[in-house]
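Structure record follows, encoded as C-alpha cells.
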Amino acid sequence: MSEPIADWTKGAEAIVYQTCNACGARQYFRRSFCAACGSPDLAEHRASGAGTVYATSLVCRAATPETRAHVPYNILLVDADEGFRMMAHGDNDLAIGDKVLARFTQFAGRLVPYFAKAK
Ligand SMILES: [Zn+2]
C-alpha cells in the first residue's frame, strides 16, 4: 500500500477514500483490506467533495457539552460523486437529493467536512 494521504481526521482539508485494485470496490473508512473482497491491494484518492444528499438527520439535543453550542445541527449521509457514502455535517436546510459540495469547518474543536448546497 502506498503512503496514506492526510485527510481531515489528521487536520488536513481533504476527504480521502480507497479503491480496491482487485475488485474495484470503493470505501470511505480507511481499512487495511477491502471490505468487499478482503484484498489488501488498496489505493487512496482525494475526493472532490462533490456529492448528493442521501439522508439528513437534524440533531436538536447535544450529545456532549462541546457540541451544545452547535445545536441544532444537521448530520448528513452523502453519496460522493466518486461512489462512496460518508457521514458529515452540513447546512440545516439541505434535503434528500440536493447536490452538495464539501468545505471544512471547526466543530467542537475539530476540523470536519461540512456540506453546503452546490451552486
Ligand atoms: Zn475488493
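The table below lists the values:
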{"quantity": "Near pairs, Cβ below 7 angstrom, 6+ apart or cross-chain, from the stretch 28-46 (closer than 21 Å to residue 102 by Cβ and acidic (Asp, Glu)) to any residue that is at pLDDT 95 or above and away from the ligand (no atom under 11 Å from the Cβ)", "calculated": "44/16"}
{"quantity": "Meets criteria (closer than 28 Å to residue 119 by Cα and either surrounded by fewer than 18 Cβ atoms within 10 Å (Cβ to Cβ) or within 16 Å of the ligand (Cβ to nearest atom) (or both)) for residue 71", "calculated": "yes"}
{"quantity": "Residues satisfying the stated conditions in the stretch 33-50, i.e. more than 9 Å from the ligand (Cβ to nearest atom) and touching a Leu at 6+ places or on another chain (Cβ under 8 Å)", "calculated": "49, 50"}
{"quantity": "Members of the stretch 74-104 that are buried (at least 18 other Cβ atoms within 10 Å of the Cβ) and of a type in the set (S, T, N, Q)", "calculated": "74"}
{"quantity": "Residues of the stretch 47-68 satisfying the condition of being in contact (Cβ under 8 Å) with a residue 40 or more places away in the chain, loosely packed, with under 15 Cβ neighbours inside 10 Å and more than 21 Å from residue 95 (Cβ to Cβ)", "calculated": "64, 66"}
{"quantity": "In the stretch 12-32, the residues that are more than 8 Å from the ligand (Cβ to nearest atom), surrounded by 15 or more Cβ atoms within 10 Å (Cβ to Cβ) and not small (Gly, Ala, Ser)", "calculated": "15, 16, 17, 18, 19, 26, 27, 28"}
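The values are calculated or read from the model by the stated rules, or taken from the named source; none is laboratory data. Owing to the predicted nature of the structure, the values given are computational and were not obtained by experimental measurement. Because the Cβ atoms are built from the backbone with ideal geometry, glycine has one as well, and the counts that use them run over all protein chains shown.
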